[in-house]
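Following this message is one structure expressed as structure tokens.
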Amino acid sequence: MSKFIYRVGPETLRLSHREIRVEDAEAVLAFNGNPEVMKLTGEPLWTDLEQTRERLANYAEFETHGFGRWGIFHKPEGQLIGFSGFKYLPELDEVDLGYRLLPEYWGRGLATESGLACLRFGFETMGFERLIALVLPENAGSMRVVEKIGMHNTGPIQIDDETAYRFAAERPDWLARHTS
Ligand SMILES: CC(C)(COP(=O)(O)OP(=O)(O)OC[C@H]1O[C@@H](n2cnc3c(N)ncnc32)[C@H](O)[C@@H]1OP(=O)(O)O)[C@@H](O)C(=O)NCCC(=O)NCCS
């Protein structure tokens, strides 16, 4: 377990990242409860505000691992518009970068902006050696994002009865290709 808890993530021109709190439940349900958002994530739709509050209250990833998924805040409006950040996957013993946004924010380069900042923060500040992203083959938009942020396709893997591509980035190689 990390000695430090990274409750706040990177800041970019348009975005900031921080731990999601119970009081963010309505904003979280707006994306996790949106069928268009969830369709290609391989995860079930969230349906209920009370259950969302409960899940957020029980979310212990930051305490357990020192990191988790951060809420993405769109700085011009100060609004929570999605999540981005890291999750430890015990079944693979890997750390996964994941992201999702409300549809009205798609197509503006925001997932790329967030993903690039998270990779840099993950390698430079948090000290990860390797980060992965799991993408369903039919998720063309996400496939493009992982390519744009400099992750490479390591091939298909089987997760929960679904085939996903595992993209990866290794610290020395990624940092050498992304000088700030
Ligand atoms: C995937 C997602 C995060 C992308 O967010 P975004 O902010 O629109 O991404 P960006 O604008 O940074 O980049 C998207 C890229 O994908 C491309 N793209 C989007 N939809 C596409 C599609 N159906 N086919 C091919 N390319 C597509 C865009 O043109 C853009 O590439 P470009 O910059 O070369 O033009 C967003 O669509 C989302 O939240 N989807 C639902 C949740 C999800 O699937 N998360 C990922 C799970 S692995």
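Is there a residue in the stretch 159-177 that is touching a residue at least 24 places away in the same chain (Cβ under 8 Å), within 9 Å of the ligand (Cβ to nearest atom) and within 20 Å of Thr12 (Cα to Cα)?
no
Can you find a residue that is surrounded by fewer than 17 Cβ atoms within 10 Å (Cβ to Cβ) and without any contact (Cβ under 8 Å) to a residue 24 or more places away in the chain anywhere in the stretch 66-79?
Within the stretch 66-79, the first condition is being surrounded by fewer than 17 Cβ atoms within 10 Å (Cβ to Cβ), and the residues that meet it are 75-79.
Checking the rest, the ones that are also without any contact (Cβ under 8 Å) to a residue 24 or more places away in the chain come to 77-78.
So far as the stretch 66-79 goes, yes, one or more of its residues are surrounded by fewer than 17 Cβ atoms within 10 Å (Cβ to Cβ) and without any contact (Cβ under 8 Å) to a residue 24 or more places away in the chain.
Looking at (1) closer than 18 Å to Ile72 by Cβ; (2) out of contact with any helix residue (DSSP H, G or I) (no Cβ under 7 Å at 6 or more places or on another chain); (3) near the ligand (Cβ under 7 Å from one of its atoms), find the lone condition where Ala140 falls short.
That leaves (1) as the condition not met.
Let me ask something else about it. Take the stretch 124-152 and flag every residue that is in a strand (DSSP E or B) and of a type in the set (A, V, I, L, M). Walk me through how you get there before you give the answer.
Within the stretch 124-152, the first condition is being in a strand (DSSP E or B), and the residues that meet it are 130-135, 152.
Of everything in the stretch 124-152, those that are in a strand (DSSP E or B) and of a type in the set (A, V, I, L, M) turn out to be Leu131, Ile132, Ala133, Leu134, Val135.
Another question, if that's okay. Before we move on, is Leu116 in a strand (DSSP E or B) and either buried (at least 16 other Cβ atoms within 10 Å of the Cβ) or more than 7 Å from the ligand (Cβ to nearest atom) (or both)?
Values: in a strand (DSSP E or B): no; either buried (at least 16 other Cβ atoms within 10 Å of the Cβ) or more than 7 Å from the ligand (Cβ to nearest atom) (or both): yes.
No.
In the list Arg171, Arg130, which residue meets the criterion of being over 17 Å from the mean Cα position of the chain (by Cα), modelled with pLDDT of 95 or more and under 22 Å from His17 (Cβ atoms)?
Numbers: Arg130 fails: over 17 Å from the mean Cα position of the chain (by Cα).
Residue meeting the stated conditions: Arg171.
Given the options Leu40, Leu56, name the one that is more than 15 Å from the ligand (Cβ to nearest atom) and surrounded by 15 or more Cβ atoms within 10 Å (Cβ to Cβ).
Working: Leu40 fails: more than 15 Å from the ligand (Cβ to nearest atom).
Just one listed residue meets the conditions, Leu56.
I'd like the full set of residues that are touching a residue at least 60 places away in the same chain (Cβ under 8 Å), more than 6 Å from the ligand (Cβ to nearest atom) and closer than 18 Å to Ala27 by Cα, limited to the stretch 101-113. Give the derivation first.
Restricting attention to the stretch 101-113, the residues satisfying the condition of being touching a residue at least 60 places away in the same chain (Cβ under 8 Å) are 101-103, 110, 113.
Subset that is more than 6 Å from the ligand (Cβ to nearest atom): 102-103, 113.
Within the stretch 101-113, Leu102, Pro103 meet the criteria.
Please specify each residue of the stretch 153-180 satisfying the condition of being open to solvent by 80 Å² or more (accessible area, probe 1.4 Å) and on the phi > 0 side of the Ramachandran plot.
The answer is Asp160, Asp161.
Residue check: is Val146 near the ligand (Cβ under 7 Å from one of its atoms), open to solvent by less than 10 Å² (accessible area, probe 1.4 Å) and in contact with a helix residue (DSSP H, G or I) (Cβ under 9 Å, 6 or more places away or on another chain)? Explain how you work it out, then say what you get.
On the way: near the ligand (Cβ under 7 Å from one of its atoms): no; open to solvent by less than 10 Å² (accessible area, probe 1.4 Å): yes; in contact with a helix residue (DSSP H, G or I) (Cβ under 9 Å, 6 or more places away or on another chain): yes.
No: the conditions fail for Val146.
Taking the stretch 1-18 on its own, how many of its residues are assigned to a loop (DSSP other than H, G, I, E, B) and among the small types (Gly, Ala, Ser)?
We begin by selecting, within the stretch 1-18, every residue assigned to a loop (DSSP other than H, G, I, E, B); these are 1-7, 9-14.
Filter once more, keeping what is among the small types (Gly, Ala, Ser): 2, 9.
Of the residues in that region, 2 qualify.
Also: Answer yes or no as to whether Gly9 is closer than 28 Å to Thr154 by Cβ, of a type outside the set (Asp, Glu) and more than 13 Å from the ligand (Cβ to nearest atom). Reasoning before the result, please.
Working: closer than 28 Å to Thr154 by Cβ: yes; of a type outside the set (Asp, Glu): yes; more than 13 Å from the ligand (Cβ to nearest atom): yes.
Considered against the rule, which asks whether it is closer than 28 Å to Thr154 by Cβ, of a type outside the set (Asp, Glu) and more than 13 Å from the ligand (Cβ to nearest atom), Gly9 comes out as yes.
The values are calculated or read from the model by the stated rules, or taken from the named source; none is laboratory data. Predicted, not measured: the structure shown is a model, and the values here were computed from it. When we count neighbours, we look across all protein chains shown, and the Cβ atoms used for this are built from the backbone with ideal geometry, even at glycine. Side chains included, ligands, DNA and RNA excluded: accessible areas come from the protein's heavy atoms. Shrake-Rupley method; radii C 1.70, N 1.55, O 1.52, S 1.80 Å.
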